[in-house]
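Notes for the one structure printed next.
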Amino acid sequence: MSELHTVNKSPFEKSSFDSCMAHVLEGSAVLLYEDGVYAATKGTAAAAKVAAAGGVKFYVLGPDLKARGLSEERLTDGVEVVDYAGFVDLAAEYGKVVSWV
Amino acid sequence: MKFAIQVNEGPYQHQASDSAYHFTKAALEKGHEIFRVFFYHDGVGNSTRLTTPPQDDRNIVERWAALAEQYDLDMVVCVAAAQRRGIVDDGEAERNGKDATNIHPKFRISGLGQLIEAAIQSERLVVFGD
């Protein structure tokens with residue numbers, strides 16, 4: 001079953017993003033929010049992992065990106081920006097939500 | 001769709017409560033049902049009516065309460081977590097011999113079974129924590 005994984009911590013602070021990446025399956029999605037948005041930024045170790053994950057969609061929460069002063073130009077290619085309504089849509093679209101808290 | 005929300009962190013220290021609130025509000029505005037919001041661990045701190053943030057800051061407790069009022073939300077606080085952290089309603093004050101209560105009337109104290117029930121009855125359980 002496809003899942004929506006949510007990660008809310010920076011990959012440079014905690015290992016939840018790495019744990020998520022070790023478990024996410026093809027056809028699932030990862031939503032990065034709160035400090036998790038840093039995993040969506042270009043030129044980082046996290047960016048390489050995002051790029052290497054085939055068949056996994058990546059989303060980032062726009063308000064949390066903005067709150068941290070990160071512009072969308074800083075995002076790794078292929079990462080899509082959503083708002084809270086988009087977060088809800090993703091939670092409904094995928095079979096279950098796995099919160100990596 | 002029917003959602004259950006779990007909040008594991010207190011207000012003002014972590015973003016979890018803010019994120020949970022914005023998610024819950026967005027879901028309700030899209031016409032989804034929130035079966036229950038369950039406050040667990042330090043999340044019980046979201047339920048004290050005595051909170052008094054500066055006037056130019058958001059009042060997280062009142063914000064949850066206003067959402068509950070508007071959408072008739074069931075907001076449940078874990079009893080064991082509440083006892084440890086001094087979140088008290090009339091029943092708990094009586095049972096534990098306390099001289100005051102502090103729970104906001106839009107919240108209610110109950111057991112962990114309410115979280116399990118919410119997870120079973122809902123199509124999605126979304127957890128917000130640290």
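Descriptive notes on the structure:
- Hey, A:ALA46 surrounded by fewer than 21 Cβ atoms within 10 Å (Cβ to Cβ), in contact with a helix residue (DSSP H, G or I) (Cβ under 7 Å, 6 or more places away or on another chain) and touching a residue at least 24 places away in the same chain (Cβ under 8 Å) or not: no
- A residue that is in contact with a Ser or Thr (Cβ under 6 Å, 6 or more places away or on another chain) and of a type outside the set (A, V, I, L, M, F, W, C) occurs somewhere in the stretch B:93-114.
Yes/no per residue for (1) within 14 Å of chain A (Cβ to nearest Cβ); (2) over 13 Å from B:THR24 (Cβ atoms); (3) not hydrophobic (A, V, I, L, M, F, W, C):
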site: B:ALA66; (1), (2), (3): no, no, no
site: B:VAL77; (1), (2), (3): no, yes, no
site: B:VAL88; (1), (2), (3): no, yes, no
site: B:GLU92; (1), (2), (3): no, yes, yes
site: B:ASN102; (1), (2), (3): no, yes, yes
site: B:PHE107; (1), (2), (3): no, yes, no
site: B:LEU112; (1), (2), (3): no, yes, no
site: B:ALA119; (1), (2), (3): yes, yes, no
site: B:SER122; (1), (2), (3): yes, no, yes
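- Filter result for A:TYR59 (closer than 23 Å to B:GLU9 by Cβ and more than 11 Å from the chain's Cα centre (by Cα)): no
- Test: A:ALA91 is within 14 Å of another protein chain (Cβ to nearest Cβ) and not in a strand (DSSP E or B): yes
- Looking across the stretch B:11-64, the residues that are part of a loop (DSSP other than H, G, I, E, B), within 14 Å of another protein chain (Cβ to nearest Cβ) and closer than 22 Å to B:GLN83 by Cβ come down to B:GLN13, B:HIS14, B:TYR40.
- Only residues that are in a helix (DSSP H, G or I), hydrophobic (A, V, I, L, M, F, W, C) and within 14 Å of chain B (Cβ to nearest Cβ) were counted across the stretch A:1-49, and they come to 2.
- Only one of A:TYR84, A:TYR59 that is facing chain B (nearest Cβ under 10 Å), modelled with pLDDT of 95 or more and surrounded by 15 or more Cβ atoms within 10 Å (Cβ to Cβ): A:TYR84
- Scan of the stretch B:80-107 for residues that are within 23 Å of B:GLU62 (Cβ to Cβ), within 16 Å of the chain's Cα centre (by Cα) and surrounded by 16 or more Cβ atoms within 10 Å (Cβ to Cβ), ordered by number: B:ALA81, B:ALA82, B:ARG85, B:ILE87, B:VAL88, B:ASP89, B:ASN102, B:ILE103, B:HIS104, B:LYS106, B:PHE107
The values are calculated or read from the model by the stated rules, or taken from the named source; none is laboratory data. Computed from a predicted model, the values in this text were never measured in an experiment. As a convention, Cβ positions derive from the backbone with ideal geometry for all residues, glycine included, and neighbour counts pool all protein chains shown.
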